[in-house]
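In what follows, a structure is listed as structure tokens, so that the remarks can point back to it.
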Amino acid sequence: MTATTWPDARGRFGKFGGRYVPETLVGALERLDLAAHEALADERFGETLSLELESWVGRPTPLSRAQRLGDAWGLELWLKREDLAHTGAHKINNAVGQALLAQRMGAGRVVAETGAGQHGVAAAAACARLGLPCTVYMGAIDMKRQAPNVQRMRLFGTEVVPVEAGDATLRAAIDEAMRDWVADPEGTFYLLGSVVGPHPYPWLVRQFQRVIGIEARHQFLKRTGGLPDACIACVGGGSNAIGLFHPFLDDPVELIGIEAGGATGRSGIDGGAGHAATITHGSPGVLHGCYSMLLQDSDGQILETHSVSAGLDYPGVGPEHSFLNSSSIAYYYTVSDAEAIGALEECSRLEGILPALETAHALAGAKNYGRDHPGASLLLGCSGRGDKDLDILAGAGL
Amino acid sequence: MTAPPVGRVTALERRLKHPTSGAPALVAYLTAGFPSRSAFPDLLRSVAGVADAVEIGVPFTDPMADGITIQRTSRIALEDGVTLHWILEMLGSVGRLEAPVLLMSYVNPLLAYGWHRLTDRAGEVDVAGFIVPDLPWEECQPVRSRIEGAGMALVQLVSPLTPEPRLQTLCAASRGFVYAVTTTGTTGGEGNTEGIADYLRRVTRHSTVPVCAGFGIRSTRQVRQLAPHVDGVVIGSALLEVIERGGEPARFLRDLCEGSSGGMGGAGQRGGPAAATP
Ligand SMILES: Cc1ncc(COP(=O)(O)O)c(C=O)c1O
């Protein structure tokens, strides 16, 4: 098996993945798996999706050479501009795909979770466009730190439900969305926002996000006549990263995921609380329906995480990343909150692009990469724009 | 090992078929270490004196199949330092219980403990079986043979949405009992005891072991409605809420089935062990 053929029929990427859910959800996941395979093989569905991506999302998104930032960091730096996609992040690629699937399956309503609010906004927008009622669960802490996105969701007619339970961030929001879904798995469609959760989600979300890498690979070849030395992206659940990486899996291109090191910093290996670097510091276990790397204590309890970026503040990670890491096909590093904020400031000042705090982690990772590989050509997944983060940035003195 | 391997599961199945609490059998769910670690052994003894089996819930930080009551009790237990390690130690020192004990846990705390170590240790402290709500049939195979090989049961859960051929497989494979979830949704919600007679009939038809219904069962009326269709009922959130209010859990359980078994026979069997508890 080559790296591109995973997952297998049971939703495994090597030993990672699977479907660890209550019996009540098994049938719904099997129906989703079947319907998704049918839809993705159906030319008409493909045409509808392509048209939506082109005429409503604004795809293909551009590939921008970041000349001044690249010069500053000793790199030939290219940005795949998902920040220019409708609603401001790559999340819309998956939201449109799943919403069309929900409609095709005759779902009466959609539920979703959100961390930074970018997936919530994308799901809300896609559901508004298709006339599907939508409920989004969002941690109470995240609702405060990403307030503009809450307002946007509400304008799109979506009900935003605050989650006070647990850690009141993304992980608690997923717990709550799953509880909602389990109450009516036949009438409700769960529009999951990253490459996590039970099979088929890690596969399905990847298929909808591969458009990032497919376009970028084509654009890069066209612009430079070759391939980049490396692709780099931030990893929360891992959807923008897998979307960028996957079409490069058979190429001699280094694949680098950047996790949120929180306060601990780039080479922080102390592994305590205070970060969200799941692959770097975690161990395998089951959370939210799949076997993957986790931040957990020795009793298998899930740890609280910290990141300045709500979209990366999650103690799990997609099973395919765990697989790519354990097989040394992709490599994962961390950067700190401070490094991310610093890189965000440089990108804004030198390129006129305000990236999301999530994306800023990839940028800080690129800067570190440039130090070790001067002159390298780097393709960076610019996963989203940072308007939502202005309050946090003001708080950080920017 | 305290008993020959096959004995423990058979004893559990017999007890649920011929409950001493009356009919239907009562399966009580307690969150381990709730309301506190120090109060738990006495609570467990007292509940085991009334119930026909006790499920001890291993608290988990992300209980996705549970409603707010078990979320709350789990959080309190975790804050009090409850771990699977503590639970197994406690079971080793609590003394002989009058009802068989099962561990109910999400899969991750079990994985973290390690299946080999877990089945060895659980066998030593007389655990009769495991209920793992996020370990569906497709994922449970190696674990199931390990648990059964160690003389314990892996209880399968079925739901009203489980299609017929799958229902047959799950019922045939279940040991200890079949856990018939009454409704979609999480624990502690509005249990659905009406309009599920047909579903429960199908479950019973396919099962060679007792069938117990659970999720959202709170009242004598519900127990009475379910009684003709199942061997037992699982009482969880409602029992925990009694404990939270400072009520008497053993008495609550006794009242639940006393009120429900009138007119169905079996009431006369009660009184032995139950009457002896505070
Ligand atoms: C802009 C942006 N990038 C990245 C992420 C992280 O998600 P993922 O790792 O699935 O791409 C988010 C999540 O909210 C986001 O909003």
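The values are calculated or read from the model by the stated rules, or taken from the named source; none is laboratory data. A quick note: this is a predicted structure, and the numbers were derived from the prediction, not measured. Cβ sites come from the backbone with ideal geometry, for glycine too, and all protein chains shown count toward neighbours. Heavy atoms of the whole protein, side chains included, go into the accessibility calculation; ligands, DNA and RNA do not. Shrake-Rupley method; radii C 1.70, N 1.55, O 1.52, S 1.80 Å.
Given the condition open to solvent by 30 Å² or more (accessible area, probe 1.4 Å) and modelled with pLDDT of 95 or more, answer yes or no: does some residue in region A:283-290 qualify? Scanning region A:283-290, I find at least one residue that is open to solvent by 30 Å² or more (accessible area, probe 1.4 Å) and modelled with pLDDT of 95 or more, so the answer is yes. Of the numbered criteria (1) modelled with pLDDT of 95 or more; (2) surrounded by fewer than 21 Cβ atoms within 10 Å (Cβ to Cβ); (3) more than 16 Å from the ligand (Cβ to nearest atom), the one A:VAL21 fails is (2). Restricting the first member to region A:100-121 and to residues that are within 14 Å of chain B (Cβ to nearest Cβ), and the second to residues that are near the ligand (Cβ under 9 Å from one of its atoms) and at pLDDT below 95, the beta-carbon pairs closer than 9 Å and six or more apart or on different chains are A:GLU113/A:LEU170.
Among the residues here, A:VAL150 qualifies as of a type in the set (Val, Ile, Thr) and more than 14 Å from every other protein chain (Cβ to nearest Cβ). Considering region B:164-227, the qualifying helices (runs of 4 or more DSSP H), each wholly inside and each with 1 or more residues that are under 18 Å from B:ALA153 (Cα atoms), run over B:164-173, B:197-206. Scanning region B:183-205 for residues that are of a type in the set (Ser, Thr, Tyr) and either under 18 Å from B:VAL107 (Cβ atoms) or away from every other protein chain (no Cβ under 11 Å) (or both) yields B:THR186, B:THR187, B:THR193, B:TYR199, B:THR204. Scanning region A:296-325 for residues that are within 11 Å of chain B (Cβ to nearest Cβ) and under 25 Å from A:GLN209 (Cα atoms) turns up A:PRO315, A:GLY316. When we screen A:VAL111, A:VAL96 for residues that are in contact with a helix residue (DSSP H, G or I) (Cβ under 9 Å, 6 or more places away or on another chain), over 19 Å from A:ASP313 (Cα atoms) and not in a helix (DSSP H, G or I), the only hit is A:VAL111. Within the bounds of region A:164-172, is there any residue that is more than 14 Å from every other protein chain (Cβ to nearest Cβ) and either at pLDDT 95 or above or under 20 Å from the mean Cα position of the chain (by Cα) (or both)? No, region A:164-172 contains no residue that is more than 14 Å from every other protein chain (Cβ to nearest Cβ) and either at pLDDT 95 or above or under 20 Å from the mean Cα position of the chain (by Cα) (or both).
For A:ASP142, the conditions (1) within 25 Å of A:SER383 (Cα to Cα); (2) of a type in the set (D, E, K, R); (3) within 14 Å of another protein chain (Cβ to nearest Cβ) all hold with the exception of (3). For region B:134-164, filtering for residues that are within 12 Å of chain A (Cβ to nearest Cβ) and either within 25 Å of A:TRP181 (Cβ to Cβ) or of a type in the set (Val, Ile, Thr) (or both) leaves 18.
Search region A:24-65 for residues being open to solvent by less than 70 Å² (accessible area, probe 1.4 Å) and within 14 Å of chain B (Cβ to nearest Cβ), and hand back the single one that is farthest from A:LEU204 (Cα to Cα). Within region A:24-65, the match that is farthest from A:LEU204 (Cα to Cα) is A:THR24.
Among (1) open to solvent by less than 10 Å² (accessible area, probe 1.4 Å); (2) within 10 Å of another protein chain (Cβ to nearest Cβ), there is one condition B:ILE87 misses while meeting the rest; what is its number? Among (1) open to solvent by less than 10 Å² (accessible area, probe 1.4 Å); (2) within 10 Å of another protein chain (Cβ to nearest Cβ), B:ILE87 violates only (2).
All conditions in (1) more than 29 Å from A:ASP175 (Cα to Cα); (2) free of Cβ contacts under 8 Å to residues at least 12 places away in the same chain hold for B:PHE252, with the sole exception of (2). If I filter region A:82-103 for residues that are at pLDDT 95 or above, closer than 28 Å to A:ALA165 by Cα, open to solvent by less than 60 Å² (accessible area, probe 1.4 Å) and among the charged types (D, E, K, R), do I get at least one hit? Yes, region A:82-103 has at least one match. Taken over region A:68-103, the residue count meeting the criterion of being over 25 Å from A:PRO247 (Cβ atoms) and of a type outside the set (A, V, I, L, M, F, W, C) is 4.
Looking only at region B:216-231, residues that are over 14 Å from B:ALA25 (Cα atoms) and open to solvent by less than 20 Å² (accessible area, probe 1.4 Å) come to 1 in all.
Of all residues in region B:80-110, exactly one satisfies the criterion of being in a helix (DSSP H, G or I) and more than 20 Å from the chain's Cα centre (by Cα), namely B:SER93.
When B:ASP42, B:ASP62, B:ASP66 are checked against the criterion of being open to solvent by 10 Å² or more (accessible area, probe 1.4 Å), not small (Gly, Ala, Ser) and not in a helix (DSSP H, G or I), a single residue qualifies: B:ASP66. Scanning region A:87-121 for residues that are touching a strand residue (DSSP E or B) at 6+ places or on another chain (Cβ under 6 Å) and away from the ligand (no atom under 16 Å from the Cβ) yields A:ALA102, A:ALA107, A:ARG109, A:VAL110, A:VAL111. Looking at region A:264-278 only, could you name the residues that are open to solvent by 10 Å² or more (accessible area, probe 1.4 Å) and at pLDDT 50 or above? Across region A:264-278, the qualifying residues are A:THR264, A:ALA273, A:GLY274. Residue pairs whose Cβ atoms lie under 6 Å apart, sitting 6 or more positions apart in sequence or on different chains, and linking a residue in region A:157-176 that is at positive phi to a partner that is buried (at least 20 other Cβ atoms within 10 Å of the Cβ), are A:GLY166/A:ALA172; A:ALA168/A:GLY139. Kindly provide the set of residues from region B:231-244 that are out of contact with any helix residue (DSSP H, G or I) (no Cβ under 6 Å at 6 or more places or on another chain) and either closer than 17 Å to B:ASP198 by Cα or in a loop (DSSP other than H, G, I, E, B) (or both), ordered by number. B:GLY236, the sole residue that qualifies.
Taking region A:283-398 and the strands (runs of 3 or more DSSP E) fully enclosed by it, the elements with 1 or more residues that are free of Cβ contacts under 8 Å to residues at least 24 places away in the same chain and away from the ligand (no atom under 15 Å from the Cβ) are at A:283-287, A:290-294.
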